[in-house]
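For reference, the structure is listed below as structure tokens.
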Amino acid sequence: STITDSDLVVIGSGPGGYVAAIKAAQLGLKTVCVEKNPTFGGTCLNVGCIPSKALLNNSHYYHLAKSEFAARGIKVDSVELDLPAMMKAKENSVTALTGGIAGLFKKNGITSVHGHGTIVTPHQVIVKNADGGRTTITTKNILIATGSEVTPFPGIEVDEETVVSSTGALSLKSVPKTLTLIGAGVIGVELGSVWQRLGSKVTAIEFLGNIGGAGIDLEVAKNLQRSLTKQGIKFKLNTKVLSAERVADGIKVVAENAKGKREEITSEVLLVCVGRRPFT
């Protein structure tokens, strides 16, 4: 199919793309938004900020009921985790927000095209649709808002089941007995704390000397680490990962600290969270 005479094509419908597309349409531009995924909202709404906050919030409630209610004078009979129901609550949050963007696109007269967009010329985008077809769009302007993707870790293949990225860590089918994090930046400590609250023994390996990533205020990082250590997460800072391999009882990680001491850590699930990179 062909779309002609558009004023603006926005490639990507994440927080950058959908806001730009709506604003452009409100200013009178004939706007088309290209999105490779079935739903709008990009990483943030689908497999990032929103689902992680839903799990963070609900795991906090579980942790309170399980560990703190009694000390606060609240007696409840046996507290049990219903992980499928918690995941459903997370999915409901995502569906509500991604559906909201679809509604705003419709309200503002934005044409949406689902598929992988390729810029052929400064005024033409070809979209390979999910059904195998193609859509050719001619436009006066193109806005690239393709966001980011998970940074891979050399030599470690992610299968999103036992070796997971942040995407897989949001949808584990059961609570792993043990979980190792490669990286204790914001994504690692957030998802690590979710699964720790739900019952995992979590170990975080971090190359830097602090948690929270390179840009964090060190006083904040120190207090957060103290809080998470009290919660039960073990941190190995100034430590680099040399290798990871599948063994009979899980995933074995070989790590080395700043003094050259090597250590093997085996866990049921390995979460690789060493940051994100531009999606180009």
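Annotations
- Criterion violated by THR138 - all others in (1) open to solvent by 40 Å² or more (accessible area, probe 1.4 Å); (2) of a type in the set (Ser, Thr, Tyr); (3) under 16 Å from the mean Cα position of the chain (by Cα) satisfied: (3)
- Conditions (1) hydrophobic (A, V, I, L, M, F, W, C); (2) within 30 Å of THR4 (Cα to Cα); (3) in a loop (DSSP other than H, G, I, E, B): number failed by ILE211: (2)
- Filtering region 246-273 to residues that are more than 24 Å from the chain's Cα centre (by Cα) and among the charged types (D, E, K, R) leaves ASP249, GLU256, LYS259, LYS261, ARG262, GLU263, GLU264.
- Taken across region 195-213, residues that are buried (at least 19 other Cβ atoms within 10 Å of the Cβ) and within 14 Å of the chain's Cα centre (by Cα) do not occur at all.
- Residue count, region 107-128 (criterion: loosely packed, with under 14 Cβ neighbours inside 10 Å and in contact with a His (Cβ under 8 Å, 6 or more places away or on another chain)): 0
- When GLY115, GLY147 are checked against the criterion of being on the phi > 0 side of the Ramachandran plot and in contact with a helix residue (DSSP H, G or I) (Cβ under 6 Å, 6 or more places away or on another chain), GLY147 stands alone in meeting it.
- Every residue from region 216-248 that is part of a helix (DSSP H, G or I) and open to solvent by less than 40 Å² (accessible area, probe 1.4 Å): ALA221, LEU228
The values are calculated or read from the model by the stated rules, or taken from the named source; none is laboratory data. Please read these numbers as outputs of a predicted model, since none were measured by experiment. Here Cβ is always computed from backbone atoms with ideal geometry, including for glycine, and neighbour counts include all displayed protein chains. Just so you know, the surface numbers come from the protein's heavy atoms only, side chains and all, with ligands and any DNA or RNA stripped out. Shrake-Rupley method; radii C 1.70, N 1.55, O 1.52, S 1.80 Å.
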